[in-house]
Structures are given as C-alpha cells and as structure tokens.
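The values are calculated or read from the model by the stated rules, or taken from the named source; none is laboratory data. Everything numeric in this text was worked out from a predicted model, so none of it was measured. With ideal geometry, Cβ positions are generated from the backbone for all residues, glycine too; neighbour counts draw on all protein chains shown. Note: areas computed on protein heavy atoms with side chains; ligands, DNA, RNA excluded. Shrake-Rupley method; radii C 1.70, N 1.55, O 1.52, S 1.80 Å.
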Amino acid sequence: MRKSNYDKRPTTTVNGPSWNGWKEIVNELSQTKQPLAVECYQGVFVDEVINALCSQGIAVTDTRDCFKSEADIRNMTDSWMTDDRLFGRRMGHVKMEDFLATDSLSPVTADRQTAVVGPAAALIATNACNRNEAPKPLIVYADMPRWEIQQRQRRHEVSALGIDNHDEAPSKQYKRGYFLDWIVCDELKKRFLRQADYWLDTVVPQQPKMTDGATMLAALDKMSRQPFRVVPFFDPAPWGGQWMKEVCDLDRSKENFGWCFDCVPEENSILITAVDTTKGNQETTMEFPANDLVYYRTRQLLGGRVEARFGQDFPIRFDFLDTMGGGNLSLQVHPTTQYIRDTFGIFYTQDESYYLLDAEEGATVYLGLKTGVNPEEMIHALNQSQATSEPFDAERYVNRWPAKKHDHFLIPAGTIHCSGAGAMVLEISATPNIFTFKLYDWGRLGLDGLPRPINIGHGQHVIQWERQTDWVHRNLVNPIEPIAEGDGWREERTGLHENEFIETRRHWFTKPVHHHTLGGVNVLNVIQGDELLVESPTGAFSPYVVHYAETFIVPASVGEYTIRPYGSAEGTECGTIKASVR
C-alpha cells in the first residue's frame, strides 16, 4: 500500500495577533475599560474560563445562575426531545432568551471590573449595558467544534443548556445538542459573529488560544474565495476496517476505524493559523467550527441559488465507511422527504450514494429489494429477528451486488441498503446525518457493549417497495454516462439518481482539466493519484495541493479553476469525483 500523504490538519494562514495561555489572554482582556462578556458555546468548560478570570481579580457573573430552573427547561423542551433513544424533533423557534429567567439580568452590572461568562453572556451583558446606558461590552466568543463536544459527552464532562445531564448516555446528550442546544447556540452566534472582539479556542484544556475578531473574519473571508479542506475526524465502529489506518496514517494500535467525516461542515472543524508579526512572526493555530464560515460567507461559499434553496445549511456531505477487513454495515433505510419533515422537522432528507474508493476480492453492496418481496412477510421477519435474536435472512429479501473499485451505487431515500464487508466507501450524500433507520445489525453489539438501536417502526413507513431487482440494476448500479473528453482528459456523469439533488461528475486525466463552479459550491475527492494541484487561471487564489483520498471544497465564488497531476503523480492517470447541487 502507498505511503500516506493524507493531511489530517489542513489550515488557512492569515496575518494577525494571537495570545497563548490564560496569562497572556487575561492580560490582554484586562486592558479594556469595557465590561467583559465571554460567550460560551455549549460544551465549553465554563469553569476553566471563570477560574482563569477570577485568578486575576476579575469579578465574574456565571450565566448558568441566570437560567430558568432545570425543571422549567425540561418542561419547555421535553415534548421535542421525545422518548426515542436517538431521534427528537427540531425546535426551530426557540432562542437563548427562552432559557433565561425573567430576573436574570438583575445581578449583572456594566462595571468594567466585571465579566459575564457562559452561554448567553453576550446577550446578557449587552442588555445590561443598554439598560445602564453604559459602553457596549467587549465580547469574547469561546467557540467549540461539535466533534470535540461529542468527545466530552462520551467522557461525561459537559452538560446541556440549563440541564445537568452529563451522566446520561452520550446518544441522549448528542440528541439534545442536535435537536435543540446547537440550534439555539448557532442562532445566537449568528447575531454576534460580526460583533465579537475576540475568538477563543479552548479545545485543548488549559491551553487556550485567542485571536481578534478582525483576524477571524479575514480568515473566513479568505477561505470563501479559495479551495480549502475541513479537519477530518475518525471513529471506530462495530463493523470497522483497516484501510484508513494506512491511507490516512492513523493509530495502528487501534482495533479499527470505521468512520471518517471528511467533509461535514456542520460537524467538522477548520484550522486558522494567525501569523503575529509583532511577535517575530509567531504562528498560532486555532480550531473553530466549520459552520462559522457557512454563517459568515454563505453566498460566497454556497452560491446564490444554493443559498436560496438551503439557507445556511451546507447541503453536501462526503464521508468514509471502511469495512476493509471489517464487517457489514447495518441493513438500513433513510426517510423520505415528507416523513422527515412530518416526524422530525427537517426539511430535506439523506439521499446518498456509495462510491468505492477500494474493494477486496468478493466485496458486495446490499441494495434494493428482490423481485416479488412481500412487505408484510419481510417486516414480520425483521421484527421476529429483533424479538428472538434469530438471524434475519437478508439475502432472501435484499439484492446483494458484486462491488469493485470505482463502482458507484446510488441510494435515493427509501431504498434499503448497506455496504458489505471488504469495501472502502466514499459516501456522497445530503447532509442530514443521523437519520439512518437500522433494520438489522447482524446480531452484534455496539462498541459500548449494548445492542445498537433498531428502527423497524420508522423504517417500515419509508421503504419504497417497488424498488426491486430490475429497477435497481437499471437506475442505481453504475449508471455511468460519458459526457466529454479532450486532450488527456475525459468526463463522466456517475449520478446521482434523478430523485436526488446532488449531481456527481468523474474526471480521469493526465493533463490539466478545466472546471467551473457555475455559481454553486463544488465538493471533490481525489479518487486516484498521489497528488494534484488546484489552480486559478486568473491567479485569484494561490495554487492548492491535495492528495489521494482527500476531500476539498471549492466555494461558488471561485468560478473557474483547473486541476492537474502534480509532483509524483505527473505523467500518471489521476481521477476526481465532484459533487454539486443541480
């Protein structure tokens, strides 16, 4: 197998000030005559921030004392959280103000010696300053990427907004974040994103880093005008494989890695490196949620027509599913559009596809129903297996297709499917990322030693029973269509299905290939070739190097760009697959 050159820590570099460690940071914040507000995203270790300020003699108001009682907050939110282990319903109309007690502002003053710290700090301090006709507060935004929040939830280190739920199962904590807390925090973030004077990175405990608001916004603006990558994250799975360990250079001592989220801005981070010229060009790399870019430069990133359709949701997801040396994924189905709207309050569903970056001999993909399947009989067999732990005869009901490297299987919502063992899947899909209804999990346990949730009750309502063998073969298995070719390149359409809003194009090339965003965001993966160079014909951005298996984003604002083999890949045939919104 090739030596890995996969970049796990891609960063964007800008000139700007930075401060490292609590001593430097608190000293900088103490220079102001304004009251201080440290707005904390859910998942930040608020006590760490408070202790650092108090140690320097700053009086602190903890916003958690300003929240309604836990009983009141649960009463307000429980009907949307539901009793389901995984799924709630999104509360789009709730704001941070709804979590605060009516008298929550009374203990807060606008005195410059005070700091308001915690979730809602910017809101509380701004209102207090307005009430007292005092100067506006100095706002520090302590942000937190969702992947790090999930790690803290798994370790039972953090709680939800206004609720001490740190000892709950991580799945229940994630559910409250996904369906409620992160929506509330993001809505408030959008209000203060351009007003924040400083941005604080506390991902690594007791090793904080900070830059100023102008530097943060300059970095986001730069990213909106050039190709970039988000920070991938990797996770083991009950079915996980061994391919990513080698190709992505991961910890060989781990049992497996099943997942890689390589482009999910809702979940991934971005890295920003500030070069401080006042400190001898000191470089400080900080980690923030990729969604900050989506919120700040929506139109430049997504394009006007995509923004008009999806708002501030990044609609395309690329991730890896590694079963090379592993096992089958769960047999599953995704909800139809109407079902996800009616049941969960989500406005578009998880249409997807499996592109095989690699495959072992004998690899397979389960996709679609066999001809003549009786729905009642199949659902009964699934329920019987769930109740008795007897094996479900998947191949009696579901097609099992041979799968090889560079095959593409399309999976419009409502199509039963799963990858078999021995496959390295690049999953190209719409972004809603937890709405998988597992129907059968091959009798195994999750990594926590418990059975993984099975969702036959949801799944039986969304399976499209007419998608049987002949239809699936004609419409969903390698529907590859030649589009164009030139000197040293050719282009193919590989999907997705007409029911899906994502268009995918594959390019094979030994010479430069011309691309255009056509006013919409492009997401690409390097499916063949060690190294490629992405360039602007007009010099609008610096040449950008990408490597095998890396996913990268080209913002809509880029317009024209070219991709060519580079370095050791020069003279060899390379390949990319590109996704865009139709």
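Given the condition in contact with a strand residue (DSSP E or B) (Cβ under 9 Å, 6 or more places away or on another chain) and modelled with pLDDT under 95, answer yes or no: does some residue in segment 296-304 qualify? Checking segment 296-304: not a single residue is in contact with a strand residue (DSSP E or B) (Cβ under 9 Å, 6 or more places away or on another chain) and modelled with pLDDT under 95. Being among the β-branched types (Val, Ile, Thr), under 21 Å from residue 303 (Cβ atoms) and modelled with pLDDT of 95 or more holds for only one residue in 527, 563, and it is 563.
Residues in segment 391-405 that are farther than 18 Å from residue 429 by Cβ and either crowded, with 21+ Cβ neighbours inside 10 Å or of a type outside the set (D, E, K, R) (or both): 391, 392, 394, 397, 398, 399, 401, 402. Taking the numbered list (1) out of contact with any Lys or Arg (no Cβ under 8 Å at 6 or more places or on another chain); (2) assigned to a loop (DSSP other than H, G, I, E, B); (3) within 30 Å of residue 360 (Cβ to Cβ) in turn, residue 226 passes all entries but (3).
Beta carbons closer than 7 Å, at least 6 apart along the sequence or on distinct chains, pair a first residue in segment 255-268 that is open to solvent by 30 Å² or more (accessible area, probe 1.4 Å) with a second that is part of a loop (DSSP other than H, G, I, E, B) and of a type in the set (Gly, Ala, Ser) for 259/237.
When you check residue 552 against the structure, is it surrounded by 21 or more Cβ atoms within 10 Å (Cβ to Cβ) and closer than 27 Å to residue 405 by Cα, yes or no?
Details: surrounded by 21 or more Cβ atoms within 10 Å (Cβ to Cβ): yes; closer than 27 Å to residue 405 by Cα: yes.
Yes: the conditions hold for residue 552.
The residue that is most open to solvent (accessible area, probe 1.4 Å), among those in segment 142-153 that are touching a strand residue (DSSP E or B) at 6+ places or on another chain (Cβ under 7 Å) and of a type outside the set (D, E, K, R), is 147.
Count of segment 477-494 residues, restricted to those that are more than 25 Å from residue 397 (Cβ to Cβ) and assigned to a strand (DSSP E or B), is 12. Checking each residue in segment 568-582 for being more than 18 Å from residue 224 (Cβ to Cβ) and open to solvent by 10 Å² or more (accessible area, probe 1.4 Å) picks out 568, 570, 571, 572, 573, 578, 582.
For residue 242, the conditions (1) open to solvent by 30 Å² or more (accessible area, probe 1.4 Å); (2) under 18 Å from residue 556 (Cα atoms) are fulfilled apart from (2). If the condition is being more than 26 Å from the chain's Cα centre (by Cα), at pLDDT 80 or above and among the aliphatic types (A, V, I, L, M), then segment 78-113 contributes 100, 101.
Residues in segment 495-513 that are over 13 Å from residue 410 (Cβ atoms), open to solvent by 10 Å² or more (accessible area, probe 1.4 Å) and part of a strand (DSSP E or B): how many?
Keep residues of segment 495-513 that are over 13 Å from residue 410 (Cβ atoms), which gives 505-513.
With open to solvent by 10 Å² or more (accessible area, probe 1.4 Å) added as a condition, the list becomes 505-506, 508, 510-512.
From the residues that got through so far, the ones that are part of a strand (DSSP E or B) too are 505-506, 508.
Number satisfying all stated conditions: 3.
Scanning segment 276-295 for residues being β-branched (Val, Ile, Thr), in contact with a strand residue (DSSP E or B) (Cβ under 8 Å, 6 or more places away or on another chain) and open to solvent by 30 Å² or more (accessible area, probe 1.4 Å) gives a total of 2.
The numbered conditions (1) open to solvent by 50 Å² or more (accessible area, probe 1.4 Å); (2) under 18 Å from the mean Cα position of the chain (by Cα); (3) of a type in the set (S, T, N, Q) are all true for residue 350 except (1). Only one entry of 565, 543, 537 meets the criterion of being within 23 Å of residue 488 (Cβ to Cβ) and surrounded by 15 or more Cβ atoms within 10 Å (Cβ to Cβ), and that entry is 565. When we screen 521, 554, 477, 526 for residues that are farther than 30 Å from residue 9 by Cα and of a type in the set (Val, Ile, Thr), the only hit is 477.
Among the residues of segment 340-385, the ones that are in contact (Cβ under 8 Å) with a residue 12 or more places away in the chain and basic (Lys, Arg) come to 1 in all.
Kindly indicate whether residue 139 is more than 25 Å from residue 69 (Cβ to Cβ), aliphatic (A, V, I, L, M), in contact with a helix residue (DSSP H, G or I) (Cβ under 6 Å, 6 or more places away or on another chain) and open to solvent by less than 10 Å² (accessible area, probe 1.4 Å). When the stated conditions are applied, residue 139 passes them. The set of residues in segment 377-390 being open to solvent by less than 60 Å² (accessible area, probe 1.4 Å) and of a type outside the set (S, T, N, Q) consists of 378, 379, 381, 382.
Which one is farthest from residue 292 (Cα to Cα), of the residues in segment 184-219 that are open to solvent by 40 Å² or more (accessible area, probe 1.4 Å) and hydrophobic (A, V, I, L, M, F, W, C)? For segment 184-219, the residue satisfying everything is 204.
Residue 190 satisfies every condition listed in (1) closer than 26 Å to residue 519 by Cα; (2) more than 20 Å from the chain's Cα centre (by Cα); (3) charged (D, E, K, R) except (2). Applying a threshold of 8 Å to beta carbon distances and a minimum spacing of six or more residues, or different chains, the list of pairs starting in segment 535-547 at a residue that is free of Cβ contacts under 8 Å to residues at least 12 places away in the same chain and ending at one that is open to solvent by less than 30 Å² (accessible area, probe 1.4 Å) and outside any loop (DSSP other than H, G, I, E, B) reads 543/533; 543/534. Mind checking whether some residue in segment 569-581 is closer than 27 Å to residue 269 by Cβ and in contact with a helix residue (DSSP H, G or I) (Cβ under 9 Å, 6 or more places away or on another chain)? Yes, that holds for at least one residue.
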